[in-house]
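J.: After the structure tokens below, expect a handful of questions from me.
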Amino acid sequence: MNTEINEQLRLLALKRTIPFCYSCYHEAPSGTCKSCGSDDLMRLLPGNGVEYGTDWIVQAILEDELTPVDLDEEFEESIRQCYPETVSVGWMTLDTVSVMKDQDPVSWRCAQSEWESQEADEGNIITFDNGSTYYRCEDIEQLLEN
């Protein structure tokens, strides 16, 4: 699935950009520069920049048009759905999530990491930068449909 989405995003990047001859600093929509005849062209993303390749274009489109998943907030919400809202310790009634995070932060991070992996494996979230930023798969699919 990731390969298919990556290819669709690459095609979207090509659609939204214009071939550009950096040597002559001219657009070259035909695929060759009319001034120098070069076919070694960069891609121009209007309002963003010029560079070789499409990865930077995909990244720019994702950053401009989609909101990344807040993994901390989503994980907390997932935990809140699984456990009672409060826990009693002696005479105190405390927020369950806060107690879990404060009392065993290593366990909390491990559980969050496992949750992230499961969400990715189930196709709910996807990353294009090795886990630094995640997006909802449904948001990516909607972007590709438009």
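J.: Could you look through the stretch 120-135, keep only residues that are touching a Lys or Arg at 6+ places or on another chain (Cβ under 9 Å) and farther than 16 Å from THR3 by Cβ, and pick out the one that is least open to solvent (accessible area, probe 1.4 Å)?
T.: ILE125
J.: Among GLU77, GLU51, which is free of Cβ contacts under 8 Å to residues at least 60 places away in the same chain and out of contact with any strand residue (DSSP E or B) (no Cβ under 9 Å at 6 or more places or on another chain)?
T.: The unique qualifying residue is GLU77.
J.: Also, I was wondering about something else. Is it the case, given these coordinates, that GLY123 is free of Cβ contacts under 8 Å to residues at least 24 places away in the same chain and on the phi > 0 side of the Ramachandran plot?
T.: no
J.: Now, a different point. Just to be sure before I move on: is LYS34 charged (D, E, K, R), surrounded by 15 or more Cβ atoms within 10 Å (Cβ to Cβ) and either at pLDDT below 95 or outside any strand (DSSP E or B) (or both) in the structure I sent?
T.: Values: charged (D, E, K, R): yes; surrounded by 15 or more Cβ atoms within 10 Å (Cβ to Cβ): no; either at pLDDT below 95 or outside any strand (DSSP E or B) (or both): yes.
For LYS34, the condition - charged (D, E, K, R), surrounded by 15 or more Cβ atoms within 10 Å (Cβ to Cβ) and either at pLDDT below 95 or outside any strand (DSSP E or B) (or both) - is not met.
J.: To continue, here is another question. Could you tell me whether GLU27 is within 17 Å of the chain's Cα centre (by Cα) and open to solvent by 80 Å² or more (accessible area, probe 1.4 Å)?
T.: Spelling it out, it is not the case that GLU27 is within 17 Å of the chain's Cα centre (by Cα) and open to solvent by 80 Å² or more (accessible area, probe 1.4 Å).
One line per residue, one yes/no per condition, for (1) more than 15 Å from the chain's Cα centre (by Cα); (2) open to solvent by 90 Å² or more (accessible area, probe 1.4 Å); (3) modelled with pLDDT under 95; (4) among the small types (Gly, Ala, Ser):
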| position | (1), (2), (3), (4) |
| --- | --- |
| PHE20 | yes, no, no, no |
| GLY47 | yes, yes, yes, yes |
| GLY53 | yes, no, yes, yes |
| VAL69 | no, no, no, no |
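J.: Okay, next question. Just to be sure, is SER117 among the hydroxyl-bearing types (Ser, Thr, Tyr), closer than 30 Å to LEU11 by Cβ and open to solvent by 90 Å² or more (accessible area, probe 1.4 Å)?
T.: no
J.: In the list MET92, MET100, which residue meets the criterion of being surrounded by 11 or more Cβ atoms within 10 Å (Cβ to Cβ), more than 21 Å from the chain's Cα centre (by Cα) and not hydroxyl-bearing (Ser, Thr, Tyr)?
T.: MET100
The values are calculated or read from the model by the stated rules, or taken from the named source; none is laboratory data. Small disclaimer: the values here were computed from a predicted structure and weren't measured. Cβ coordinates were reconstructed from backbone atoms using ideal geometry, including for glycine residues, and neighbour counts include every protein chain displayed. Just so you know, the surface numbers come from the protein's heavy atoms only, side chains and all, with ligands and any DNA or RNA stripped out. Shrake-Rupley method; radii C 1.70, N 1.55, O 1.52, S 1.80 Å.
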